[in-house]
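These notes are about the structure you will find just below.
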Amino acid sequence: MRWQLSGLISLALMIPNIAVGVRCLHDVNKSGWWMLIVFISRCRKTTDFRRWI
């Protein structure tokens with residue numbers, strides 16, 4: 001139960017942060033898709049994919 005609440009709080013805080021980031025990117029005439037590129041690259045750095053091969 002506790003991890004479910006933690007996940008919901010994390011999601012509730014992450015979505016507005018993504019929206020603000022995309023809005024800032026639009027202010028400097030960049031696409032909001034750059035947020036996805038940064039997110040994927042950070043996930044790849046924190047996850048060891050070699051253990052699944």
Checklist line | Net charge of Cβ neighbours under 12 Å - reference Gly21; Lys, Arg +1; Asp, Glu -1 | finding: +1
Next item on the list: Using a 10 Å cut-off on Cβ atoms, rank the peptides 2-13, 30-41 from the highest mean neighbour count down.
Entry: 30-41, 2-13
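FYI, it's all coordinate maths here, none of it is from the lab. These numbers were taken from a predicted model, which means no experiment stands behind them. A quick note on method: Cβ atoms are made from the backbone with ideal geometry, for glycine too, and the neighbour counts reach across all protein chains shown.
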